[in-house]
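A quick write-up on the structure given underneath.
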Amino acid sequence: MNKKICFVMNSMDAGGAERVVALLANSFDNRGYKVSLVVTSNKDSFYKLNEGIKYSKLNLTSEKCSLFKRIQTNILEIIRLVKYFRRENPDVVISFIRNVPTIISAKLANKKVIISERNNPYYDPPNKVWRILRKFFYPLADGIVFQTNNVKNYFSKRIRQKSCVIPNPLNENIPQPSSNPRKNIIVNVGRLAKQKDQKTLILAFNIVNKKFPDYKLIIYGEGPLREELNSLIANLGLKNNVLLYGKEKDIYNKIKDAKVFVLSSIYEGYPNALIEAMALGIPVVSTNCDFGPSEIIKNGINGFLVEVGDYQGLANKILTILENEKLSNEFSGNSYKIRQLLSIDEITNKWESYIMSVIIGKMDRAEVEYD
């Protein structure tokens, strides 16, 4: 009998964790697994899912509300998840984002549960109560998947002993690097939020623009800081050169001809946008934030790393690439090698091995080296 896998998410809106869930769900469905995906929201999936995947919504609100209402919503989430798990009877539940409620629900339903830590544990969750709950409930999970070794090392030995490290897969539909001449654009992909720190990127571009006035900075993503970033752009006189393009489904074809991709984040879990840009052969510059970039980029070989918040350093590295075509081509060629390491088949194999070890109760750490 084919094994049944159930993924749990808060939503399947546009985002890095959501994209990974969609890729893994589709990949396991292609391998003959019975796959279900349940979200706590009432939203449809931004990402395309195979027809064989059962997509369910718990229809719980994620809007800001009173403390009592939030507690009530979390309790209702657990109740509905327990009912869902008992009805669907998966062999294993895999949680992305909603880890604590999913652990509680899976244990109440007597189901194996694997959780996946998707962000920087120092910053996420920001709520102290959830941090306490994480410390108490994470050891109760049957398995834990981290994206990087640095994130894994944040947690206790008890948790590390049952964990494995599996980075994010690349989308199998990502096109080959463009053979067209690169355009005079610099790109960034990320939510317009404090974490992504596009303010520092815009300040860096202001320096680059003085030397390359015909270049444009295009930022793809949406978020709460749009108005603040637009004000900064206007104050710097960059309205014609810095463009906030919002969400984009056809992101690969939009950015593949760019001269440079820049990640300006304060912190990350494992930046999908960065690895996708590298797979497209775009020269990259990233902040050396916790966690992810330093385990992906070999500084000066397949990209540049600069300190968080250092807009002058960011500008200098962007200029170095723009002014050195040979270096740009070297970065492009070396970045492309990430395709083999992070192919969807390779990453699904690691997940499959680890999932089976959890189901049968025998840990098999699906570690991956980044070299």
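The values are calculated or read from the model by the stated rules, or taken from the named source; none is laboratory data. Nothing here was measured: the structure is a model prediction, and the numbers come from that model. Neighbour counts are summed over all protein chains in view; Cβ atoms, including those assigned to glycine, are modelled from backbone coordinates with ideal geometry. When the accessible area is computed, the model is the full protein with side chains, heavy atoms only, and any ligands, DNA or RNA have been set aside. Shrake-Rupley method; radii C 1.70, N 1.55, O 1.52, S 1.80 Å.
Okay, here's what the table says:
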item: Residue among 315, 258, 277 that is part of a loop (DSSP other than H, G, I, E, B), modelled with pLDDT of 95 or more, over 30 Å from residue 142 (Cβ atoms) and open to solvent by less than 30 Å² (accessible area, probe 1.4 Å); result: 258
item: Among the residues listed as 286, 231, 264, the single one being among the polar types (S, T, N, Q), under 25 Å from residue 12 (Cα atoms), at pLDDT 95 or above and out of contact with any Lys or Arg (no Cβ under 6 Å at 6 or more places or on another chain); result: 264
item: Criterion violated by residue 36 - all others in (1) in contact with a Lys or Arg (Cβ under 9 Å, 6 or more places away or on another chain); (2) within 30 Å of residue 220 (Cβ to Cβ); (3) hydroxyl-bearing (Ser, Thr, Tyr) satisfied; result: (2)
item: Of all residues in segment 125-149 being part of a loop (DSSP other than H, G, I, E, B) and in contact (Cβ under 8 Å) with a residue 60 or more places away in the chain, the one that is farthest from residue 350 (Cα to Cα); result: 142
item: Residue in segment 175-200 that is least open to solvent (accessible area, probe 1.4 Å), counting only those that are charged (D, E, K, R) and within 21 Å of the chain's Cα centre (by Cα); result: 197
item: Those helices (runs of 4 or more DSSP H) lying entirely in segment 150-236 with at least 3 residues more than 27 Å from residue 290 (Cα to Cα); result: 198-211, 226-235
item: Residue list for segment 150-170, filter: without any contact (Cβ under 8 Å) to a residue 24 or more places away in the chain and small (Gly, Ala, Ser); result: 156
item: Residue check for residue 251: at pLDDT 95 or above, in contact with a strand residue (DSSP E or B) (Cβ under 7 Å, 6 or more places away or on another chain) and either open to solvent by less than 10 Å² (accessible area, probe 1.4 Å) or under 16 Å from residue 16 (Cβ atoms) (or both); result: no
